[in-house]
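Bear in mind that the values in this text are calculations on the coordinates, not laboratory data. Keep in mind it's a predicted model, so treat the numbers as computed, not measured. With ideal geometry, Cβ positions are generated from the backbone for all residues, glycine too; neighbour counts draw on all protein chains shown.
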Amino acid sequence: MKQTLMLMLVLMGRVTWAELEVSVPATNAPVKPAITVPGPATGGAAPAVKDGDTLRFRNTDTIHGTVLGVAPAVGLRWRHGDVKDSILFGLDNVAEIQLAPRPPRASRAVHRTVVELTNGDRLAGDIVGLNEKTLTLNTWYAGQLILRRPALQRIAFVSAPREAAYVGPTGLEEWTRGEGQKSAWSFRKGALVSSRNGAIGRDVKLPDMANIEFDIGWQGQFYLHVGFGFDQVRQLYNSGGYMLQFNQSNVYLQRYRPQQGSNNLGQNVEIPNFNRKTKAHLSIRVNKAKKSITLMVDGQVVRQWTEPDDWVSKGGFLVFLSQGQGSCRVSNISVTDWDGRLDSDSVVGVETEDLVRLANNDKVSGTIQAITRDQILFATSFAEMKIPLERVSTVEFAGQKAEKARRQATDVRAVFLDGSNFTLGLEKLDETALVGSSENCGRVTGAIDAFRSIQFHIYEKPADAGDKNDDTEGEGDQ
């Protein structure tokens, strides 16, 4: 609190204006193709958000308030409840805007298609059509997107939208720490960071079919336990759940039975090249009905376990338990419903031909000639086929023809409510919309209520897990 007040006093001393008009001069060379954005379902401006946003700086300082506007050539205009006039910040020191939930300005449609691009973006929508050059996608959040075909990597067809059960972390106040372990975990630069042995967890309302994803980075000896399905944090041995225990090169799975302690499920599993890493992306896929747990590291399946007895998990807690002598950083946590398919089910490295995987796991390779609203026109070496979309699980595009959008100095990462990303060169952001452009899809106007955060300086290397200069720490639960 003292740091925040000091920061605000300094800012108040520098600010001499009351209003800032955020605008971008018109350009004579607009990005093509253009995008048509439908008007909102309800008239008028969206209700204002009262100091619910959080502004995080690159030195880890944070302040609460409301973002009023952003433009690269001008800066970021901010409103704070304790300051009479609006405040202008330069973007050089801004790391992220965490957006409070906005009332929807348009109906949030249910989309059954997720398009994955070569730069890692994931966009939900409804397919209007695909030809040899572009894919047209209808979205509730940005109208009609026209995506260049070489930017397409994969299309997944889902039976229902998967809104995230949890996306974070955003601070320690939303987490519970183990008994007597207040100082074991801190919050730094958008991540949970361990400094000594201790547990931290929260109830993420774990779905019966769940995908738990997060990034980890470490320095020194790495011993991290990741638990899920527990009903509390402070006495894990009295709770039921499952715990993946990682060390420098291996992982093993333990079953915790209430009041009965724990035991291993199977033997230790070696993680290829893990001892040469200092960071990784982990995904834990949980299928309660099939009693299966699958671990993926950096997109590759390491092991799938099957519970031979009764499923012991009764709760919804996600737990991180540090046991090492070094420092560990956990960030970009996302917990979502899972459709039961593994990312590795897709064929990695398809170069010369497109591939269609059907709902029954059959697959066929060839050339996708077109996609309409209800079918795929597909040419193989032996026949031309018309495949109903209702029978299709995923579509993979030939890597030989792929192109990745060039990075722009103004690129930001807009994070959707479900944790997926949309990378755009920022033109401006105001109280209702985000406006930007990309080589993948041209100029876009996206509804601000579709996003949970806007991240800046996205191509810079993140700080190491053990960065001793980052001492920002919230209180959280004792």
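With point charges of +1 on the Cβ of Lys and Arg and -1 on the Cβ of Asp and Glu, referenced to the Cα centre of region 291-408, which listed residue (Thr336, Ala379, Ser313) lies farthest in the positive direction of the dipole?
Among Thr336, Ala379, Ser313, the one farthest towards the positive end of the dipole of region 291-408 is Thr336.
Does region 291-440 come out rounded, prolate or oblate by the C-alpha gyration tensor, with a ≥ b ≥ c the root eigenvalues, rounded set by a/c under 1.5 and, if not, prolate when a/b is larger than b/c and oblate if not?
oblate
Under a crude label model (7 Å from the Cα following the beta-carbon direction), how far is Gln254 from Asp309 in nanometres?
So the label points at Gln254 and Asp309 sit 1.5 nm apart.
Between their Cα atoms, which of Lys133/Lys363; Lys182/Lys290; Lys182/Lys205; Lys279/Lys404; Lys363/Lys401; Lys133/Lys386 are more than 28 Å away from each other?
Result: Lys182/Lys290 exceed 28 Å.
Count neighbours as other Cβ atoms within 10 Å of each site's Cβ, and list the GluC sites (Glu not before Pro) in region 91-148 that are DSSP loop with at most 16 such neighbours.
Glu132
Could you tell me the distance between the Cα centroids of region 408-429 and region 211-267, to the nearest Å?
34 Å
Quick one: grab the alpha carbon gyration tensor of region 395-434, order the square roots of its eigenvalues as a ≥ b ≥ c, and give me rounded if a/c is under 1.5, else prolate or oblate depending on whether a/b is larger than b/c.
Since a/c reaches 1.5 but b/c is at least a/b, the shape of region 395-434 is classed as oblate.
Please go through region 393-445 and write out the chymotrypsin sites (Phe, Trp or Tyr not before Pro) that DSSP classes as loop and that have at most 14 other C-beta atoms within 10 Å.
none
Please report Lys404, Lys189, Lys133 as a ranked list, fewest other C-beta atoms within 10 angstrom at the top and most at the bottom.
In order of increasing Cβ crowding within 10 Å: Lys133, Lys404, Lys189.
Classify region 166-337 as rounded, prolate or oblate, taking a ≥ b ≥ c as the square roots of the eigenvalues of its Cα gyration tensor: rounded when a/c is under 1.5, otherwise prolate if a/b is larger than b/c and oblate if not.
Since a/c stays below 1.5, the shape of region 166-337 is classed as rounded.
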